[in-house]
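Here is the structure we will look at.
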Amino acid sequence: MATSSSAALAEFLRDLGAHHRVIVIHPNSLLPRLFLTAFFDGVYVALDETLTDAKAIYAVIERACQEQTTARIESAPHLILDDCDRIDERALLEIVRAFIEKLERGRIVLFTRTVPSALLNDMLLREQTRFFPTDESLMLWDYAQRRDDSILLEVRALGTGHVLLNGRVVDNWDGVLPRALFFYLIDRGMATRTEIFQTFWPNLTVREATNVFHVTKRKISEVLQIDLTHYGASYYRISPQIQLSYDVMLFTKLVQDGTMAQGREAVDLLERALLLYRGAMMTSLNADWVRERRKSLQYTYLEALETLAETLAQLGEARRALGYYRRASAVMRILAKGGSNPALRERIDALERTLALR
């Protein structure tokens with residue numbers, strides 16, 4: 001699904017099969033709370049850490065129904081549970097099971113900042129669950145509907161750096177080095193042992209570097225509980241058992257396609273690329289290879305902003321174009337360490353005059 005608008009949600013709900021009784025608002029979607037308005041006819045319950053068991057949650061839901069509607073909970077079209085990640089997953093699973101049986105035709109809608117793994121591990125509930133919005137090119141996967149036996153590895157390097165393995169957050173890396181090597185291998189896609197050694201251990205002998213490398217690589221395997229790489233023809237490559245979804249790769253591909261396209265197609269591709277750019281690459285790491293890659297991607301980001309602004313100006317959408325030009329100008333000042341681009345400044349001035357902002 002390409003968009004996350006209210007219209008897209010309405011279409012999703014209209015086409016949803018009757019057997020799909022649980023909707024999970026995707027935790028990786030931008031501004032998920034905007035979707036709350038689509039369920040105004042339901043019973044809304046905000047969960048918190050004080051609700052330590054299913055019995056307490058059940059009582060809160062019953063009380064919310066009495067306060068928000070005169071009808072019985074059984075007839076509610078939607079039961080909206082917010083902040084689901086604040087309670088124990090087993091309690092959430094028990095509540096979902098109970099109200100699936102209790103609601104006559106209604107659905108349970110979950111707002112959460114993490115993927116509800118316990119729910120997905122229940123095969124009966126998994127069959128009844130859908131995520132919204134979903135768009136694999138924007139790293140919005142419907143985990144419940146995946147039928148592929150491959151291991152889904154989602155890596156977001158644009159920003160501080162986040163990793164999901166089959167929807168599960170990976171955050172315990174047993175040190176900085178395993179995490180840094182992981183992101184390096186992901187970003188390179190394929191690398192020789194010499195390239196790895198020169199990047200991470202240039203001052204060690206080959207024997208010493210080999211020992212450290214294998215220890216670090218083993219730690220990565222222990223963290224992920226899978227082998228990240230496959231070695232062959234002198235290269236370490238991402239294991240063929242892994243289905244990799246990498247924001248940097250998706251972002252650069254969308255920008256490349258957007259700069260080649262024209263008109264509305266270019267606008268759509270470039271706006272999608274910008275949705276993936278959630279900050280400079282790996283701000284939590286400061287190695288030379290990261291800084292070089294980060295700067296390169298910042299220039300790609302700048303190119304996307306300028307191209308999108310120029311395309312919108314050509315389409316007569318001056319106000320939107322001005323917004324992207326201003327963002328491009330801010331990025332330019334960062335890259336030029338306070339300097340400015342005269343040509344870009346001229347375009348901004350011209351658009352401001354057109355819109356009578358001066």
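The values are calculated or read from the model by the stated rules, or taken from the named source; none is laboratory data. Given the structure is predicted, the values throughout are model-derived calculations rather than measurements. Positions of Cβ are generated from backbone atoms using ideal geometry, with glycine treated the same way; all protein chains shown enter the neighbour counts.
Give me the pairs, please: first residue somewhere in segment 54-71 and in the same structural domain as Ala91 (by TED's automatic domain parsing), second residue anywhere and of a type in the set (Asp, Glu), beta-carbon distance under 8 Å, and either six or more positions apart or on two chains.
These pairs meet every condition: Ala54/Glu94.
Just give me the residues in segment 308-328 being part of a helix (DSSP H, G or I) and either among the β-branched types (Val, Ile, Thr) or at positive phi (or both), in sequence order.
Taking segment 308-328 and keeping what is part of a helix (DSSP H, G or I), we get 308-314, 318-328.
The one that is part of a helix (DSSP H, G or I) and either among the β-branched types (Val, Ile, Thr) or at positive phi (or both): Thr311.
Going through segment 1-40 one residue at a time, which ones are part of a loop (DSSP other than H, G, I, E, B), modelled with pLDDT of 90 or more and among the aliphatic types (A, V, I, L, M)?
Once the filter is applied, which keeps residues that are part of a loop (DSSP other than H, G, I, E, B), modelled with pLDDT of 90 or more and among the aliphatic types (A, V, I, L, M), segment 1-40 yields Leu16, Ala18.
Anything in segment 103-121 that is touching a strand residue (DSSP E or B) at 6+ places or on another chain (Cβ under 9 Å) and not hydroxyl-bearing (Ser, Thr, Tyr)? List them, or say none. Break it down stepwise before answering.
Here is the first cut: in segment 103-121, the ones touching a strand residue (DSSP E or B) at 6+ places or on another chain (Cβ under 9 Å) are 103, 106-112, 114-117, 119-120.
Those that are touching a strand residue (DSSP E or B) at 6+ places or on another chain (Cβ under 9 Å) and not hydroxyl-bearing (Ser, Thr, Tyr): Leu103, Gly106, Arg107, Ile108, Val109, Leu110, Phe111, Val115, Pro116, Leu119, Leu120.
Where residues in segment 291-323 are among the hydroxyl-bearing types (Ser, Thr, Tyr) and under 22 Å from the mean Cα position of the chain (by Cα), which of them is nearest to Leu275 (Cα to Cα)?
Tyr301
Do any residues in segment 11-35 that are farther than 27 Å from Leu164 by Cα have Cβ atoms under 8 Å from those of residues that are part of a loop (DSSP other than H, G, I, E, B), where the two are at least six apart or on different chains, and which pairs are they?
Filtered contacts from segment 11-35: Ala18/Arg105; His19/Gln128.
One line per residue, one yes/no per condition, for (1) of a type in the set (Phe, Trp, Tyr); (2) assigned to a loop (DSSP other than H, G, I, E, B); (3) closer than 24 Å to Ala18 by Cβ:
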position: Leu51; (1), (2), (3): no, yes, no
position: Tyr58; (1), (2), (3): yes, no, no
position: Ala64; (1), (2), (3): no, no, no
position: Glu67; (1), (2), (3): no, no, no
position: Ala71; (1), (2), (3): no, yes, yes
position: Glu74; (1), (2), (3): no, no, yes
position: Glu101; (1), (2), (3): no, no, yes
position: Glu104; (1), (2), (3): no, yes, yes
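For segment 258-281, which residues satisfy the criterion of being hydroxyl-bearing (Ser, Thr, Tyr) and under 10 Å from Leu308 (Cβ atoms)?
The answer is Thr259, and nothing else.
Sort out which residues of segment 117-155 are free of Cβ contacts under 8 Å to residues at least 40 places away in the same chain, surrounded by fewer than 18 Cβ atoms within 10 Å (Cβ to Cβ) and more than 16 Å from Leu16 (Cβ to Cβ), and write them in order of number.
Ala118, Asn121, Asp122, Met123, Leu124, Arg146, Arg147, Asp149
Give the residue, chosen from Gln241, Gln198, Gln262, that is within 30 Å of Glu317 (Cα to Cα), over 21 Å from the mean Cα position of the chain (by Cα) and of a type in the set (S, T, N, Q).
On the way: Gln241 fails: within 30 Å of Glu317 (Cα to Cα); Gln198 fails: within 30 Å of Glu317 (Cα to Cα).
Selected residue: Gln262, the only one of Gln241, Gln198, Gln262 that is within 30 Å of Glu317 (Cα to Cα), over 21 Å from the mean Cα position of the chain (by Cα) and of a type in the set (S, T, N, Q).
Taking Tyr231 as the residue in question, decide whether it is surrounded by fewer than 14 Cβ atoms within 10 Å (Cβ to Cβ), touching a helix residue (DSSP H, G or I) at 6+ places or on another chain (Cβ under 9 Å) and part of a strand (DSSP E or B).
So Tyr231 passes the test.
Checking the structure you have, find out if any residue of segment 83-98 is modelled with pLDDT of 95 or more, touching a Gly at 6+ places or on another chain (Cβ under 7 Å) and outside any loop (DSSP other than H, G, I, E, B).
Among the residues of segment 83-98, not one is modelled with pLDDT of 95 or more, touching a Gly at 6+ places or on another chain (Cβ under 7 Å) and outside any loop (DSSP other than H, G, I, E, B), which makes the answer no.
Residue-wise test of (1) in the same structural domain as Phe251 (by TED's automatic domain parsing); (2) under 30 Å from Leu31 (Cα atoms); (3) more than 19 Å from the chain's Cα centre (by Cα); (4) among the aromatic types (Phe, Trp, Tyr).
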residue: Gly161; (1), (2), (3), (4): no, yes, no, no
residue: Asp171; (1), (2), (3), (4): no, yes, no, no
residue: Val176; (1), (2), (3), (4): no, no, yes, no
residue: Ala180; (1), (2), (3), (4): no, yes, yes, no
residue: Met190; (1), (2), (3), (4): no, no, yes, no
residue: Val215; (1), (2), (3), (4): no, no, yes, no
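Rundown of residues vs (1) touching a His at 6+ places or on another chain (Cβ under 6 Å); (2) surrounded by 18 or more Cβ atoms within 10 Å (Cβ to Cβ); (3) not aromatic (Phe, Trp, Tyr), yes/no style:
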residue	(1), (2), (3)
Arg14	no, no, yes
Ile23	no, yes, yes
His26	no, yes, yes
Leu30	no, no, yes
Leu34	no, no, yes
Phe40	no, no, no
Glu49	no, no, yes
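Considering only segment 268-290, state which residues are under 21 Å from the mean Cα position of the chain (by Cα) and in a helix (DSSP H, G or I). Working first, answer last.
Our first condition is that a residue be under 21 Å from the mean Cα position of the chain (by Cα); within segment 268-290, this holds for 268-285, 290.
Residues satisfying the conditions are Asp268, Leu269, Leu270, Glu271, Arg272, Ala273, Leu274, Leu275, Leu276, Val290.
Any residue in segment 281-289 that is over 20 Å from Ser29 (Cα atoms), without any contact (Cβ under 8 Å) to a residue 60 or more places away in the chain, buried (at least 18 other Cβ atoms within 10 Å of the Cβ) and touching a helix residue (DSSP H, G or I) at 6+ places or on another chain (Cβ under 6 Å)?
no
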